Amino acid sequence: MCGIAGVVGDFGGAKGKALCATLAQGLAHRGPDGEGLWHEERSGGLPVGLVHRRLSIIDLSAAASQPMAAVGGRYHIVFNGEIYNYKALAADPKLRDYAFNRASDTAVLAPLYDAYGMGFLDRLEGMFAIGLWDRETQELLLVRDHAGIKPLYYAETPRGLVFASELKALMGIAAEAGIDLTADGVALQEYVSFLWTPGERTPVRGIRKLRPGHWLRVRAKGGKGGGVRTTIGRWWWPPQAPLGPRGPVYDATRTPARLLPLWDEIVAEQCTADVPLGAFLSGGVDSSAIVASMVATGHAPEKTYCIGFRGADMTAEGFGDDAHYAKLVAQHLQVPLETLHIDVHETLQRLPDLAWMLDEPTADPAPFFVEAISQRARADGLKVLLSGSGGDDVLTGYRRHQSARLREMLGRFGNLAGGMAGVLAPLTRGPMRRRMERLAGLLGHDDQRFLLHAFLTNSQPDAWQLVRPSVGASEEVLGWGEELAAAIAESDGQSLVNRLLYAELFGFLPDHNLNYGDKAGMVAGVEMRVPFTDRRLMQWMAQVNPRDKMRGLHAKAYFKTAMRGRVPDAVLDRSKTGFGAPMRVWMRGQGRTMMREALFDSPHVRALFDMPRVDALWQATQSGHVDGTYTLLGVAMCGWWFDRAQI
């Protein structure tokens, strides 16, 4: 795990080297163990610079430092992530004649690329963002892993292309590199609608994310004008069940019992490291299954961590007592557990810092808890934590998956059930009322709109209209949600549950869960590893009938069956609880003044959003007539982000 960056194009001389130094400084928190810069200008070639900030985890020696020259100096590479099967790759007969450091996962990449071309990506088991410069062809190749575990941002300018592991680093060279920092109105519409933006968009037009499972190639344009041209391609498609004459064909031999050896293999592989390992242990199914597998495979964590809360009524917002169940699992598995007690209201005062820390204005306080655990783990001497992130996205862990299954079960009676939920909703209170309102809205849509609206933050599908028309896009044109809609279209013919799981991989998983896991961990110099995002697990689960995945409306039933006997029954049988903070209580109580100032005193909010609509939503939320809490938080986060960016 590290931070990488680079420049290619009209970035020669002292100015090019200065840009690289600034990029390195902007990524210092990601790599506290070392820094490397490489810059080259060859006669008739493109000036290029590569930057690396190191967090030493595999091969702690100087021999694994980056940027790394390889294959006789033809390639120079920077790499962020881990290749868990690097030892097996290093033993590939096709690499026998290559001279490289076989103790380093970075060192195997360039020889593998030289031997297999772009086919080398299919051989990698791990998480990665790669920048590889070919001195012979004068081309830069950027690659991002299949699930988007490791972030990679880039900007095309009249001078060339710049890239970095974090958007903040590119913001730091925007003026010198010529990056357009105009607000991206469509991205803002997505932030307030989904909490995150799917696909390549960021808060500003001039910076984009390389999408998961994609590559980008940069080469000289040629001709008198100079400059560079880029090509973007896709190297990975999420697996789906094959379609037969009557629909999807599932593999009945893939039983829960047969999954267990594969799961252990994946977790053991992700314990590959030359430093001690720790783990999150929330007391939920996912983190408990990871720690149980670590113990079963002889990789027991040095320490596990859980969050406990002070100063808030968490049950009012649907959150449970994780600490009790985490202690139960820790005692069962005989692993050390530390519970960090958080004052939620005090923590929420730092929301403006969160917007900047995550690189994007994500309206979710959960990253604070990841940051707190990461800071504690680092203080305890741990650089690596295994996380359960991705389990809900791959195994049917969200309520929207239950809604999809219910819709399938009801068939043509779905609209009637939606109407009944709408009638019953006013008769309930708290979390149950919100869920009934949400269900009523979802069951009333056709499949395509259901799949898109399932990702909205609340039952208000018109949150995108909060962005000023002059800033955003209208619903009639390709605007908000277009990349998510395109992903949904790829799964046509699959069951509704599996289509929703497929869509998770194009937005909520990479652009929300994995993004905040990476950023909140790396702010403390701690690497997050996420076994549930392994390609082999995704391939396995794609072949499982959704009726077995869920068993009625019981989420994760298939995986829970596999874990039965290894994880305590009390954990497997507990109800699903959220991971977050009581935002609704806070926004109408202790945080009311702070939120009002964020919404109505920020010049950026006034410039980007339709203030009469914002005010109307604020008043309706404060009075309890509607629940616009997270939509309003999305608006505030956008304001805080642009305030901090000073653009």
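Results, tabulated for the structure shown:
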{"item": "Cα pair distances exceeding 20 angstrom across the stretch 1-127, given as percent", "result": "46"}
{"item": "For the stretch 89-204: rounded, prolate or oblate by the Cα gyration tensor [a/c cutoff 1.5]", "result": "prolate"}
{"item": "Overall form of the stretch 548-614 per C-alpha gyration tensor (a/c, 1.5; a/b vs b/c)", "result": "prolate"}
{"item": "Protection proxy ranking of 30-36, 626-632 - average other beta-carbon atoms within 10 Å, highest first", "result": "626-632, 30-36"}
{"item": "The chain, relative contact order in percent, only Cα pairs under 8 angstrom and at least six apart counted", "result": "16"}
{"item": "For q = 0.13, 0.15, 0.19, 0.26 Å⁻¹, Debye-computed log10 I/I(0) when each Cα of the stretch 1-72 counts as one equal scatterer", "result": "-0.38, -0.50, -0.75, -1.11"}
{"item": "Accessible surface of the stretch 143-295, 1.4 Å probe, proportion on carbon and sulfur as whole %", "result": "53"}
{"item": "Label-to-label distance, nm, for residues given as residue 620 and residue 273 (7 Å Cα→Cβ offset)", "result": "4.7"}
{"item": "Mean ellipticity per residue at 222 nm, deg cm²/dmol - from DSSP H runs of n ≥ 4 across the chain, formula -39500 (n - 2.57)", "result": "-11000 deg cm²/dmol"}
{"item": "Per residue, in Å², the accessible surface of the stretch 73-178 once ligands and nucleic acids are set aside, probe 1.4 Å", "result": "29"}
{"item": "Efficiency of FRET from Cβ geometry, residue 321 and residue 489, R₀ 41 Å, rounded to 0.05", "result": "0.50"}
{"item": "Cα-based shape type of the stretch 206-291, given that a ≥ b ≥ c are square roots of the gyration tensor eigenvalues and the cut on a/c is 1.5", "result": "oblate"}
{"item": "Segment residue 74-residue 136, length gained on full extension (0.36 nm per residue, minus Cα span)", "result": "21.7 nm"}
{"item": "Lysines with Cα under 23 Å of residue 519, excluding same-chain neighbours fewer than 8 positions away", "result": "150, 168, 209, 303, 383"}
{"item": "Mean separation of Cα contacts under 8 Å (6+ apart) over length of the stretch 74-188, as relative contact order %", "result": "22"}
{"item": "Cβ crowding within 10 Å averaged over residues, with 122-130, 241-249 ranked highest first", "result": "122-130, 241-249"}
{"item": "Of all accessible heavy-atom area on the stretch 554-601, the percent that carbon and sulfur account for (1.4 Å)", "result": "47"}
{"item": "Segments 350-357, 58-65, 396-403, 93-100 sorted - mean Cβ within 10 Å per residue, highest first", "result": "396-403, 350-357, 58-65, 93-100"}
{"item": "For the stretch 193-302: accessible area per residue (Å², 1.4 Å)", "result": "41"}
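The values are calculated or read from the model by the stated rules, or taken from the named source; none is laboratory data. It should be emphasised that the depicted structure is a prediction, and the values quoted were computed from it without experimental measurement. Please note: Cβ atoms are built from the backbone with ideal geometry, for glycine as well, and neighbour counts cover all protein chains shown. For accessibility, only protein heavy atoms count, side chains too; no ligands or nucleic acids. Shrake-Rupley method; radii C 1.70, N 1.55, O 1.52, S 1.80 Å.
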